[in-house]
Amino acid sequence: MDQSPSEASGASGVSPRSRLRLSIGRHPRDLGKLGVVGGLLALSALLALVPANPVEVAVHQQLIALPRVVEPVWVVLTWIGSWAGILGVVVVTSYLGWVRVALLCGGSGAVTWVVAMLMHQLLGRPFPSAAVAVVTVLAVVATPYFGRVARYAGWGLVLLTGIAVVHLDLHLPLGAVGGALLGWGVGLLCHVVWGAPGRRVSQLVIFDELERAGLAPVSITALRHRLLQPRELAVTTVDGPPLRVKVVRRLSRRAGGWYKLKRLLMLLDVQDEPSLSTPHHEIEHEAYAALLAARAGVRTPEVVLACDVPYAPALLVMREVAGRRLTELEPGEIDDALLAGVWQQVALLAEARIAHHDLRAKNILVDERGRPWLLSFTFSHPGADEARCAQDLAEALVSIAALVGAERAVTSAIAALPVESLAAALRALVPLSLPRRIRTQAQRGRYFLAELRETLADRLGLPIPGFRSPVRPGTVVGLLLIGAAVYLLIPELSDTREVAEALRHAHWGWLVVAVLTGFVSIVLASISVQGSSRIPLPFWPTLQVQIAAAFTGRTTPGGAGFFGINVVYLERRGLRRPLAVGATLLNQAGTGAVAVVVAVIGVFAVGLSGTFTHLTLPGWQLLVAAGALVVLAVLVLLAPPVRRKVMPSLREVTRELLDTLRHPVRALQLFGGALGYLIVSGLGLAASLAALHPHFSWTAVTIVFVIGNTLGHLVPSPGGLGAVEAVLLAGLGAMGVPPTAAIAAVLLSRVLTYWLPVLPGILMFRYLQHRDVI
């Protein structure tokens, strides 16, 4: 929409109340909040139908015991949540001239009180608290019109009203919580239907703000924008160049929790993006970084204004530069001179110690003279260290290679940048060090990133970066705490003293055998890895890597460390990245296939022998829930996006498995090694049990181990911690093993055969790193 000059003159000097009125609108997030609040209200209503739990009763008693000196205050607070409070808010807001607020508060308050009374009748008990519900809806509806301080005061009033109804013994704490949820839900519904301040960007307000800043705007045009992205507007001025206005309603910098968790638990020592507090803070940060970059000689649009507008989002105003984004150019238009110019701008950023951290092709503008300009410093980090600058260069390599191919991107970068900078960027060219906004550009193939990394390594004459430790001190502490919790809670399933006594009198000879099985199983695992590779692998280096993998794989969720260390080892042995990944997947698939076959055959064979005499099936409710989960999993796998990503990998692994069967030696190594690994590991559990309870079937215990190890490692915890132990205990219980012996055996087996090899694995991991094997 264009804002004409005549309309602009009418917009000059827009009053604060007019600005507030112009910002009234609806926002999709209110619908999401409404759904969450409705679900929580339904859950609290169900909880209200069951007897109160001891914690709720204790809280209730503590609040009743508050000093009675201030009891008149509590009574007054409950009056606010009655018709008297609704009427008072309506009268006050009407007197102040806020007719809209008065009507909305009166209507929403009445609806909330009626709904609370209906819920009392339907549930047959005073749930939820009508007083808390009314105070909450008044706060939710009215406070957006009066600013942030009023919002905080309103929610404080809600909290005090909840304490009041509990202290006066009118409701239990759950009733107060239910009232707050009901009032919040009705208030959100009011926002969805009638709108609320701050939900809409008014071009009249922005026009007025530019006039107040002396920029003499003539017209303003809204540009197309994507959902959840900052809006942009084009502005023409009376006697100056055109302007581009960026409107930031919400923080753009979103380093999500899942992304941070993956980086914490998995592979790399990468830098976190610094956090920002408000949209205004983001605008100021971007303006500051752009000014520093311009002073260092980087071509970036001139910053004109950065401001926090009352009753409107924060604004960043910059001079408009005529040109096209790099993504809008045809491949033939991206010549070597343009690429050299891009790398020159990246080098200037690094010299100024500024990490852009969003060097996507769409943030590179090519002007009418063919010169590149860098845009959008939202994610930038002034004063960056070498690691951040290297990551910045890695992101730029991914962005450019996604347009012109890995070969051209690497060739142009080597011609323009120092080898030391590119070598540092090579170490950051791994998925976990790259934000999702950068990785999504690499849609040229499954192994695009690996191809880029290998091309850069080959052209620089450097080895592919080695495997870094997947375990940080924080991860070790967390793993120890979780392990301690699991292994301290498991004995509580039986008599703790009996378990301790059984461990104290365990037969040491069988315990030595159990320890030996843990290390022999690693030898067999290395034979299986040899069978999964298309090129011959030497036995001793492969065995050393598998010893190190006992550290990296068993201390990371889902065994990611095992996968990573073997991929790097195979790359160092001469396999290209795609083949190394395929070989590791083949090893995992082969072990899984052998485990399934052993489990199915073993269960039927042992079942026919009558060993599982104490096996009990779950109730029909659990079976229905399990069936529903299976159906849901099938539907997810059949969904087109998942099928496009998962099915090619499944087909490739299946072809590799079938191809292995055509090579007897490889097949014997792969499947024989996997079978030996599972059987020897199962014998470790049997040896641990033999040290405590001599009368059992060794075959049945081995089958129980295979099933427990397979199912338990589906849980994404390091080493299947907690899940494996639970399945093993259930299996031994089905065999009729006494609980004390079963618990003690599982604890001994997991510690001696699974976790003990982690210690030499740490030493081997460091040794192999120094020898450049991984």
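Each reported figure results from applying straightforward, stated rules to the coordinates on display, with no laboratory input. Here the structure is a predicted model, which is why all the values come from computation and not from measurement. Positions of Cβ are generated from backbone atoms using ideal geometry, with glycine treated the same way; all protein chains shown enter the neighbour counts.
Numbers for the structure displayed
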item	result
Sparsely packed trypsin sites (Lys or Arg not before Pro) within segment 330-420, loop by DSSP, other Cβ within 10 Å at most 15	ARG369
Rounded if a/c under 1.5, otherwise prolate or oblate - segment 492-550, Cα gyration tensor axes	prolate
Derived scalar couplings ³J(HN,Hα) [segment 315-321; Karplus, 6.51 cos²θ - 1.76 cosθ + 1.60; whole Hz; x for Gly, Pro]	10, 10, 10, 9, 5, 7, 10
Measure of compaction for segment 679-774 (Cα Rg per 2.2 N^0.38 Å)	1.22
Loop GluC sites (Glu not before Pro), segment 273-380 (other Cβ atoms within 10 Å of the site Cβ: 12 or fewer; DSSP)	GLU368
Global geometry of segment 24-194, whether rounded, prolate or oblate, following the gyration tensor of its Cα atoms and the 1.5 cut on a/c	oblate
Segment 325-460: C-alpha gyration tensor shape, a/c 1.5 cut-off, then a/b vs b/c	rounded
Table column - 3J(HN,Hα) (Hz), segment 411-422, Karplus curve with 6.51, -1.76, 1.60, x for Gly and Pro	4, 5, 5, 5, 6, 10, 10, x, 5, 4, 5, 5
Descending semi-axes in Å of segment 344-384, equivalent ellipsoid built from Cα gyration tensor	19, 12, 6
Contact order relative to length of segment 325-460, as percent, for alpha carbon pairs under 8 angstrom and 6 or more apart	26
Against the rule of thumb 2.2 N^0.38 Å, how large the Cα Rg of segment 319-364 comes out	1.25
³J(HN,Hα) computed for each position of segment 335-348 - Karplus, 6.51 cos²θ - 1.76 cosθ + 1.60, integer Hz, glycine/proline x	8, 5, 5, 5, 5, 4, x, 4, 5, 5, 5, 5, 5, 5
Contact order normalised by residue count of segment 37-128, Cα under 8 Å, 6+ apart, percent	23
